[in-house]
Amino acid sequence: MSNVDSSNLEDVPSPDGELTLKIAATPQDTNIYGDIAGGWLVSQMDLAAEISAGKLAKGRTATVAISEMDFLCPIRIGSTVMIHTEVKEVGHSSMNIRVEAWIQPPFESDEQEMYKVSEALFVMVAIDENGRIRAVPGS
Ligand SMILES: CCCCCCCCCCCCCCCC(=O)SCCNC(=O)CCNC(=O)[C@H](O)C(C)(C)COP(=O)(O)OP(=O)(O)OC[C@H]1O[C@@H](n2cnc3c(N)ncnc32)[C@H](O)[C@@H]1OP(=O)(O)O
């Protein structure tokens, strides 16, 4: 029989969506001041959105818009960055994908401790080999 009180478990913040990408933040990902660069994180989030959209579109996609982007706290070198994605809406050729970036900081005593560092809405569009829009299969 477990003695764990699970009554407050729902209050613990946790990522929404599917874990799509997991990477380490390294010294080569820093800006000129030695802090992890925002552009590096956007790039990882874009890659995760592309992976998520590509599965649905069964092929090539392009990023057409990024909105509602927030950077909530800085990332320390050595952190593990986890990017979660969730498809929110599918149009004719477009897919709205909510992307969240979470980190596990280095040297934390609690390995389960995670922080949300960024979130954004990516609009991805299915394109063909000529760069023209195509229908998302099943849309
Ligand atoms: C002979 C061989 C030649 C080979 C030649 C190859 C060249 C192949 C080049 C490929 C290039 C791709 C690059 C990909 C890798 C990147 O993701 S790099 C990141 C930067 N992104 C880009 O470079 C993409 C540049 N944009 C584009 O190429 C065009 O905007 C796109 C993506 C083809 C779309 O064209 P468009 O005329 O805007 O299409 P449009 O019909 O107006 O909109 C399509 C859908 O997007 C939605 N949408 C458009 N803009 C927005 C917005 N701002 N907010 C929300 N939704 C929007 C529309 O509502 C529509 O939704 P649906 O109703 O279809 O669901």
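The values are calculated or read from the model by the stated rules, or taken from the named source; none is laboratory data. On a predicted model such as this, the values are computed, not experimentally measured, just so you know. Cβ: placed from backbone, ideal geometry, glycine included. Neighbour counts: every protein chain shown. Quick note on the areas: whole protein, heavy atoms, side chains included, nothing else; ligands and nucleic acids left out. Shrake-Rupley method; radii C 1.70, N 1.55, O 1.52, S 1.80 Å.
What number of residues within the stretch 53-74 are more than 17 Å from Asp16 (Cα to Cα) and under 13 Å from the mean Cα position of the chain (by Cα)?
Selection size over the stretch 53-74: 1.
For the stretch 86-102, name all the residues that are open to solvent by 40 Å² or more (accessible area, probe 1.4 Å) and touching a residue at least 40 places away in the same chain (Cβ under 8 Å).
Glu86, Val90, His92, Arg98
Condition first: within 20 Å of Ala57 (Cα to Cα) and either within 14 Å of the chain's Cα centre (by Cα) or not acidic (Asp, Glu) (or both). Can you find one or more residues in the stretch 99-108 that meet it?
Kept after step one, since they are within 20 Å of Ala57 (Cα to Cα), are these residues of the stretch 99-108: 99.
From what's left, either within 14 Å of the chain's Cα centre (by Cα) or not acidic (Asp, Glu) (or both): 99.
Looking for residues that are within 20 Å of Ala57 (Cα to Cα) and either within 14 Å of the chain's Cα centre (by Cα) or not acidic (Asp, Glu) (or both), one finds at least one in the stretch 99-108, hence yes.
For the stretch 31-40, does any single residue satisfy the condition of being among the aromatic types (Phe, Trp, Tyr), within 16 Å of the ligand (Cβ to nearest atom) and assigned to a strand (DSSP E or B)?
Step one: filter the stretch 31-40 for residues among the aromatic types (Phe, Trp, Tyr), giving 33, 40.
If we keep only those that are within 16 Å of the ligand (Cβ to nearest atom) too, we end up with 40.
When the remaining residues are screened for being assigned to a strand (DSSP E or B), the result is none.
Looking for residues that are among the aromatic types (Phe, Trp, Tyr), within 16 Å of the ligand (Cβ to nearest atom) and assigned to a strand (DSSP E or B), one finds none in the stretch 31-40, hence no.
Taking the stretch 66-97 only, how many residues are within 16 Å of the ligand (Cβ to nearest atom) and farther than 20 Å from Lys55 by Cβ?
3
Scan Ile36, Ile77, Ile23, Ile83 and give me the residue that is open to solvent by less than 60 Å² (accessible area, probe 1.4 Å) and over 13 Å from the mean Cα position of the chain (by Cα). Let's see the steps before the verdict.
Details: Ile77 fails: open to solvent by less than 60 Å² (accessible area, probe 1.4 Å); Ile23 fails: over 13 Å from the mean Cα position of the chain (by Cα); Ile83 fails: over 13 Å from the mean Cα position of the chain (by Cα).
Going through Ile36, Ile77, Ile23, Ile83 in turn, just one is open to solvent by less than 60 Å² (accessible area, probe 1.4 Å) and over 13 Å from the mean Cα position of the chain (by Cα): Ile36.
Kindly list, by first and then second residue, each pair from a residue in the stretch 47-62 that is closer than 11 Å to Ser94 by Cα to a residue that is surrounded by fewer than 15 Cβ atoms within 10 Å (Cβ to Cβ), limited to pairs with Cβ atoms under 8 Å and residues at least 6 apart or on different chains.
Leu56/Pro137; Ala57/Pro137; Ala62/Gly131
Residues to consider are Gly59, Gly34, Gly78; find the one that is over 18 Å from Ala120 (Cβ atoms) and either at pLDDT 95 or above or hydrophobic (A, V, I, L, M, F, W, C) (or both).
Testing whether each residue is over 18 Å from Ala120 (Cβ atoms) and either at pLDDT 95 or above or hydrophobic (A, V, I, L, M, F, W, C) (or both) leaves just Gly59.
Name the residues in the stretch 98-139 that are of a type in the set (S, T, N, Q) and more than 13 Å from the ligand (Cβ to nearest atom), would you?
Gln104, Ser109, Gln112, Ser118
Check every one of the strands (runs of 3 or more DSSP E) wholly within the stretch 55-139 and list those with 3 or more residues that are among the hydroxyl-bearing types (Ser, Thr, Tyr).
Here the list reads 61-71.
Quick one: in the stretch 111-124, which of the residues that are of a type in the set (A, V, I, L, M) and open to solvent by less than 20 Å² (accessible area, probe 1.4 Å) is farthest from Ile75 (Cα to Cα)?
Just the residues of the stretch 111-124 that are of a type in the set (A, V, I, L, M), to begin with: 114, 117, 120-121, 123-124.
In the following step, the residues that additionally are open to solvent by less than 20 Å² (accessible area, probe 1.4 Å) were identified as 117, 120, 124.
Details: Val117: 7, Ala120: 17, Met124: 26 Å.
Of everything passing the filter in the stretch 111-124, Met124 is farthest from Ile75 (Cα to Cα).
Collect the residues in the stretch 43-64 that are closer than 11 Å to Val99 by Cβ, more than 11 Å from the ligand (Cβ to nearest atom) and open to solvent by 40 Å² or more (accessible area, probe 1.4 Å), keeping them in residue-number order.
Within the stretch 43-64, just Ile51 meets the criteria.
List pairs: first residue in the stretch 128-139 and at positive phi, second residue among the hydroxyl-bearing types (Ser, Thr, Tyr) and not in a loop (DSSP other than H, G, I, E, B) anywhere in the structure, Cβ distance under 8 angstrom, at least six positions apart or on different chains.
Correct list of pairs: empty, since none qualify.
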